[in-house]
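Before I ask anything, let me first share the structure, which is written out below as structure tokens.
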Amino acid sequence: MASGVVVNDQCKDVYNQVKMNLQGKKKLRYAIFRISDNLKEIIVDEERMGTAENMDMEEPGHFQEVIKNLPTNDGRYLFYDYPYQGSFGSSSKVILVMWVPSNITIKKKMLYASSKDGLKKSFPDCGGEFQADCADDLTDSDITQKLRKI
């Protein structure tokens with residue numbers, strides 16, 4: 001929280017829906033958070049929520065589709081329940097992607113970067129962390145390789 005941006009409590013609830021099946025709540029495949037317009041807190045990007053209904057949808061196609069739909073004019077934080085083949089078979093881990101497109105302002109880039117630590121402290125059990133400014137920065141092989149090491 002070095003930036004002074006706090007994590008909204010709703011983000012914690014949504015993250016838990018991505019991470020696990022909660023009784024009475026729908027499992028989410030991914031969630032996208034953003035910094036609020038007043039630059040004071042990290043909030044859920046309600047327009048970009050994803051359900052777990054297609055958890056078996058072929059990867060990395062689904063993940064790349066989510067990345068392609070991120071805004072090109074603003075940053076985002078993406079938590080994604082990423083399936084991969086581990087050494088003991090099929091598995092999945094929640095990953096964090098900090099999305100900072102190259103055409104956003106330096107101030108916004110710095111705000112997203114400095115606020116990431118506060119977000120990570122709120123969700124310490126995240127499986128892996130990535131940074132990207134375009135879809136090409138996130139290949140399935142890079143993500144899988146990193147997740148196998150964790």
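The values are calculated or read from the model by the stated rules, or taken from the named source; none is laboratory data. Please read these numbers as outputs of a predicted model, since none were measured by experiment. Please note: Cβ atoms are built from the backbone with ideal geometry, for glycine as well, and neighbour counts cover all protein chains shown.
Got at least one residue in the range 108-125 being assigned to a strand (DSSP E or B) and of a type in the set (A, V, I, L, M, F, W, C)?
no
Moving on. Could you check, for the range 116-125, whether at least one of its residues is touching a helix residue (DSSP H, G or I) at 6+ places or on another chain (Cβ under 9 Å), exposed (fewer than 14 other Cβ atoms within 10 Å of the Cβ) and closer than 18 Å to Lys19 by Cα?
yes
Inspect all residues belonging to the range 83-94 and state whether any of them is assigned to a loop (DSSP other than H, G, I, E, B) and either within 18 Å of Leu147 (Cβ to Cβ) or touching a strand residue (DSSP E or B) at 6+ places or on another chain (Cβ under 9 Å) (or both).
Checking the range 83-94: at least one residue is assigned to a loop (DSSP other than H, G, I, E, B) and either within 18 Å of Leu147 (Cβ to Cβ) or touching a strand residue (DSSP E or B) at 6+ places or on another chain (Cβ under 9 Å) (or both).
Now for a separate question. Does any residue in the range 135-147 that is closer than 24 Å to Thr72 by Cα and assigned to a loop (DSSP other than H, G, I, E, B) come within less than 7 Å, Cβ to Cβ, of a residue that is at pLDDT 90 or above and among the small types (Gly, Ala, Ser) six or more places away or on a different chain, and which pairs are these?
Here the result reads Leu138/Ala132, each pair linking the range 135-147 to a residue that is at pLDDT 90 or above and among the small types (Gly, Ala, Ser).
I'm trying to understand the selection: among the residues of the range 82-92, which are buried (at least 20 other Cβ atoms within 10 Å of the Cβ) and either among the polar types (S, T, N, Q) or under 15 Å from Glu129 (Cβ atoms) (or both)?
Tyr82
Picking from Met1, Met55, which residue would you name as being surrounded by 12 or more Cβ atoms within 10 Å (Cβ to Cβ), among the hydrophobic types (A, V, I, L, M, F, W, C), modelled with pLDDT under 90 and touching a Pro at 6+ places or on another chain (Cβ under 9 Å)?
When all the criteria are applied, what remains is Met55.
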